[in-house]
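The values are calculated or read from the model by the stated rules, or taken from the named source; none is laboratory data. It should be emphasised that the depicted structure is a prediction, and the values quoted were computed from it without experimental measurement. Cβ sites come from the backbone with ideal geometry, for glycine too, and all protein chains shown count toward neighbours. Ligands, DNA and RNA are excluded from the accessible area calculation, which covers all protein heavy atoms including side chains. Shrake-Rupley method; radii C 1.70, N 1.55, O 1.52, S 1.80 Å.
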Amino acid sequence: MPRLRQYFITGLLVWLPVGITAWVLLWLVSALDGIFLSVLAAAEAMLPGLGPAADRLRHIPGLGMILVAIVLFGTGLFVANMFGQWWLRQWNQLMTHIPVVRSIYSSVQQVSNTLFSGSGQAFSRALLIQYPRQGAWTIAFLTGKPGGEVADHLDGDFVSVYVPTTPNPTSGFFLMMPRADVVELNMRVDEALKYVISMGVVAPAAREPHPGLPHPMPQLPPGAAGPSDPPDLPAGPAA
């Protein structure tokens, strides 16, 4: 029986990643197809002559995903020149003048620009912090520095961090912590995400400190902090 159980677990470990990957891909294709079918239904309502062509397009699996990818690529190609930039500015001005839409649109635009900008600091470094209490450590990601009115009420050098939940890292907690309480890790962001998603099972290999890392945060010396004592580290330069 132990050997049979071992064979069963081994087979499960082989097929589980395959099954989850296939499920995620099928869900993504289904979601994009749903968006495409909604747009197709709206176009058919405005142009009744599209009925026969729309019926044929509805039965092509994966067409929504392909068309969405083409639209995204075409939009990026369009706004990459001066003419497209002008139209983008006009569109942004229009959206920011609609009373209810402008608050949602502006917030989503700022967050997406921060997350996906190549020059931004969002999720650029993996960190180790004490949360939710001293002596309990967890993985976090650097998102920048506090700004605006919030920064005026903070005395000292603070950094903004995101603490993901396990096994779903898309939800989590936003914290503003003193830089002296933050330990920068040498692992890459994708390695830290795997570590979080796997609940600590898939641990990244240890690596030497990156010599070209700009503005490194203070590292935690071995044995410097006990299970209940926070690290006593000097404040580093601004991120």
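Among the residues that make up segment 187-210, is at least one of them among the β-branched types (Val, Ile, Thr) and either modelled with pLDDT of 90 or more or at positive phi (or both)?
There is no residue in segment 187-210 that is among the β-branched types (Val, Ile, Thr) and either modelled with pLDDT of 90 or more or at positive phi (or both).
What do you reckon, is Leu16 closer than 26 Å to Asn168 by Cβ, open to solvent by 70 Å² or more (accessible area, probe 1.4 Å) and free of Cβ contacts under 8 Å to residues at least 60 places away in the same chain?
Values: closer than 26 Å to Asn168 by Cβ: yes; open to solvent by 70 Å² or more (accessible area, probe 1.4 Å): yes; free of Cβ contacts under 8 Å to residues at least 60 places away in the same chain: yes.
For Leu16, the condition - closer than 26 Å to Asn168 by Cβ, open to solvent by 70 Å² or more (accessible area, probe 1.4 Å) and free of Cβ contacts under 8 Å to residues at least 60 places away in the same chain - is met.
Could you tell me whether any residue of segment 107-118 is surrounded by 11 or more Cβ atoms within 10 Å (Cβ to Cβ), among the aliphatic types (A, V, I, L, M) and at pLDDT 85 or above?
First, the residues of segment 107-118 that are surrounded by 11 or more Cβ atoms within 10 Å (Cβ to Cβ): 109, 111, 113-115.
Then drop every residue that is not among the aliphatic types (A, V, I, L, M), which leaves 111, 115.
Narrowing the set further to residues that are at pLDDT 85 or above leaves none.
Checked segment 107-118: no residue is surrounded by 11 or more Cβ atoms within 10 Å (Cβ to Cβ), among the aliphatic types (A, V, I, L, M) and at pLDDT 85 or above.
Select from segment 168-203 the residues that are surrounded by 14 or more Cβ atoms within 10 Å (Cβ to Cβ) and part of a loop (DSSP other than H, G, I, E, B) and list them in ascending order.
Those that are surrounded by 14 or more Cβ atoms within 10 Å (Cβ to Cβ) and part of a loop (DSSP other than H, G, I, E, B): Pro169, Val182, Leu185, Asn186, Met187, Arg188.
For segment 139-162, give me each residue that is surrounded by fewer than 20 Cβ atoms within 10 Å (Cβ to Cβ) and either in contact (Cβ under 8 Å) with a residue 24 or more places away in the chain or acidic (Asp, Glu) (or both).
Passing the criteria: Gly144, Lys145, Pro146, Glu149, Val150, Asp152, Asp155, Gly156, Asp157, Tyr162.
Go over the candidates Ile104, Ile60, Ile98 one by one and state the one that is under 27 Å from the mean Cα position of the chain (by Cα) and among the β-branched types (Val, Ile, Thr). Even if it seems obvious, please write down each step before you answer.
Values: Ile60 fails: under 27 Å from the mean Cα position of the chain (by Cα); Ile98 fails: under 27 Å from the mean Cα position of the chain (by Cα).
Of Ile104, Ile60, Ile98, the one residue that is under 27 Å from the mean Cα position of the chain (by Cα) and among the β-branched types (Val, Ile, Thr) is Ile104.
I need a count of the residues in segment 78-99 that are open to solvent by 100 Å² or more (accessible area, probe 1.4 Å) and part of a loop (DSSP other than H, G, I, E, B).
Qualifying residue count for the region: 1.
Restricted to segment 59-77, and to residues that are among the small types (Gly, Ala, Ser) and in a helix (DSSP H, G or I), which residue is least open to solvent (accessible area, probe 1.4 Å)?
Only one residue tops the list, namely Gly64.
Out of Arg102, Arg125, which single residue is in contact with a strand residue (DSSP E or B) (Cβ under 8 Å, 6 or more places away or on another chain) and either surrounded by 11 or more Cβ atoms within 10 Å (Cβ to Cβ) or modelled with pLDDT of 80 or more (or both)?
Values: Arg102 fails: in contact with a strand residue (DSSP E or B) (Cβ under 8 Å, 6 or more places away or on another chain).
The match here is Arg125.
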